[in-house]
Amino acid sequence: MPSLTFLGAAQTVTGSKHLLDVDGKKVLVDCGLFQGPKSLRERNWMDFPFDPADLHAIILTHAHIDHSGMLPRIVAAGFKGRIFCTPGSLDLCRLVLPDAGRLQEEDAREANKRGYTKHEPALPLFTEADAYQAITQLQPVGYNRPVPVMSGLEVEFIPAGHLLGSAYASVRVGGSQGLHILFGGDLGRYDRPILRDPVGVESADILLLESTYGDRKHEPDDDGERLAELIRAAVARGGKIIVPSFAIGRVEEVLYWIKRLEEQKRIPIMPVFVDSPMAVEALRYYAGRVSELDEELGSRGRDVRFYATSRFQTVQSTQQSKELTASRQPAIVISSSGMATGGRVLHHLKAALPDPRHTVLFVGYQAEGTRGRQLVDGARTVKIHGQVIPVEASVEKIDSMSAHADQSETLRWLGGFKKAPKTTYLVHGEPGPMSTLKRLIEERLEWRVHMPALGETASLT
């Protein structure tokens, strides 16, 4: 009897890992990095609860680091099989995984240099070389093309509308009439720019469903008016707008709205900087896969400039980034990381937060324990690079740009099922939102819903 063990994204939003065991043969769906509180991050250093060398294959739903970020570590630990993913996910993994390896190595060097390590010497979780090895094991598979993963098990990727290359992994055990498991990955949204809507699914025996926004609805679409108001107010104060943003996926939508507001003359034209080399590269990948984008963008052709605002500038070098941080010129600065946990955006925040002229605008989910969550929750000080930074700038949040389906969008997607799954497992959510979504699904759809605990194993019948 097949079984499923929940090794991550179980009552938390990070570290997605689901181990499928079929007659002793193991396949891992997603291999994500834990982020957020130290208690979660420490799990990244634990040994895998199975021998990676015995793992037959890995299936990757998309390239976000909380789904892909442990691939270099599991490869370094002995996994030698194929990692099945979409071509778009392969593109983005070529960006995010080596970058993650470099950051791990830099963190270890810094810990050794400054002596704040419990280990002598401090070692990286994985290296850039490990990341490049993992990339060689990625096996791209187009959407809607069932392929064998091993004897008696096949996977088909279905567009999820969450990120370039994102997919539901539709896994069948024992042929077309056998057990059908749908690993939802992250569910995208309806009627949004950049990506097409998530594709509907009619049936599955077992469903894994994300629950990030299970207890809330996103702000209604206001055609960008709130963003316009924030930009106009910052310009009137002579300040900057600092936008912490995920380097892949979110930058594109932020630029889309700024460009649209400019074209409609609803905001003054001002410099817009993307201070993230990874984000700049990701823009090129998006431009190269217009067939996967919303039809409005696809009609503009294969040119990265369809994202470019009137005074659009990219920042590549560290020196350029430092000069931008020091500049007093009003501007919009989009920089990673999206939860303000690292990256160049921290330097911009250190400079901007103590000054009431500036605005810090969050445009995505802020997980518990992150610096971004502290700020949106109203913290008056935050610690950055060991310094306590006062918060005098305006801190704002726009949920409408989230790439995750909210409560109503999730229920809309579930409404496409023609029959109930035998069991729906809620994953990738914090306990509060997850409990709310569980209750709604049980009440409205009368489905069997379960919230698995970390490390729990379920028999799939």
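The values are calculated or read from the model by the stated rules, or taken from the named source; none is laboratory data. All of these numbers come straight from a predicted model, not from anything done at the bench. FYI the Cβ positions are ideal-geometry reconstructions off the backbone, even for glycines, and counts take in every protein chain you see.
Summary of values
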{"item": "Boolean, Thr127 is at pLDDT below 95, hydroxyl-bearing (Ser, Thr, Tyr), surrounded by fewer than 22 Cβ atoms within 10 Å (Cβ to Cβ) and farther than 30 Å from Gly161 by Cβ", "result": "no"}
{"item": "Selection count where residues are part of a strand (DSSP E or B) and aliphatic (A, V, I, L, M), scope the stretch 224-274", "result": "5"}
{"item": "Members of the stretch 172-212 that are surrounded by fewer than 24 Cβ atoms within 10 Å (Cβ to Cβ) and not in a loop (DSSP other than H, G, I, E, B)", "result": "Arg172, Val173, Leu179, His180, Leu182, Ile206"}
{"item": "Residue within the stretch 442-456 that is in a strand (DSSP E or B) and of a type in the set (Gly, Ala, Ser) present", "result": "no"}
{"item": "Some residue of the stretch 25-32 being crowded, with 20+ Cβ neighbours inside 10 Å, within 25 Å of Asp215 (Cβ to Cβ) and not hydrophobic (A, V, I, L, M, F, W, C)", "result": "yes"}
{"item": "Residue within the stretch 349-363 that is of a type in the set (Ser, Thr, Tyr), in a helix (DSSP H, G or I) and either surrounded by fewer than 19 Cβ atoms within 10 Å (Cβ to Cβ) or modelled with pLDDT of 95 or more (or both) present", "result": "no"}
{"item": "Qualifying residue in the stretch 112-132 (condition: among the aliphatic types (A, V, I, L, M) and free of Cβ contacts under 8 Å to residues at least 12 places away in the same chain)", "result": "no"}
{"item": "Residues of the stretch 399-441 that turn out to be part of a strand (DSSP E or B) and among the hydroxyl-bearing types (Ser, Thr, Tyr), as a count", "result": "3"}
{"item": "Complete set of residues in the stretch 114-127 that are part of a loop (DSSP other than H, G, I, E, B), on the phi < 0 side of the Ramachandran plot and out of contact with any Gly (no Cβ under 7 Å at 6 or more places or on another chain)", "result": "Tyr116, Thr117, Lys118, His119, Glu120, Pro121, Ala122, Leu123, Pro124, Leu125"}
{"item": "Gly386 free of Cβ contacts under 8 Å to residues at least 60 places away in the same chain, more than 15 Å from Phe183 (Cα to Cα) and assigned by TED's automatic domain parsing to the domain that holds His358", "result": "yes"}
{"item": "Residue match in the stretch 135-145 (condition: assigned to a loop (DSSP other than H, G, I, E, B), polar (S, T, N, Q), more than 18 Å from Cys31 (Cα to Cα) and at pLDDT below 95)", "result": "no"}
{"item": "Selection from the stretch 397-437 of residues that are of a type in the set (Lys, Arg) and in contact (Cβ under 8 Å) with a residue 40 or more places away in the chain", "result": "Arg412, Lys418, Lys419, Lys422"}
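Each row is one residue, and each column tells you yes or no for (1) more than 22 Å from the chain's Cα centre (by Cα); (2) in a helix (DSSP H, G or I); (3) closer than 22 Å to Ala340 by Cβ; (4) in the same structural domain as Ser291 (by TED's automatic domain parsing).
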| position | (1), (2), (3), (4) |
| --- | --- |
| Ser39 | no, yes, yes, no |
| Glu42 | no, yes, yes, no |
| Phe48 | yes, no, no, no |
| Ala53 | yes, yes, no, no |
| Ile74 | no, yes, no, no |
| Phe84 | no, no, no, no |
| Leu92 | no, yes, yes, no |
| Gly101 | no, yes, yes, no |
| Asn112 | yes, yes, no, no |
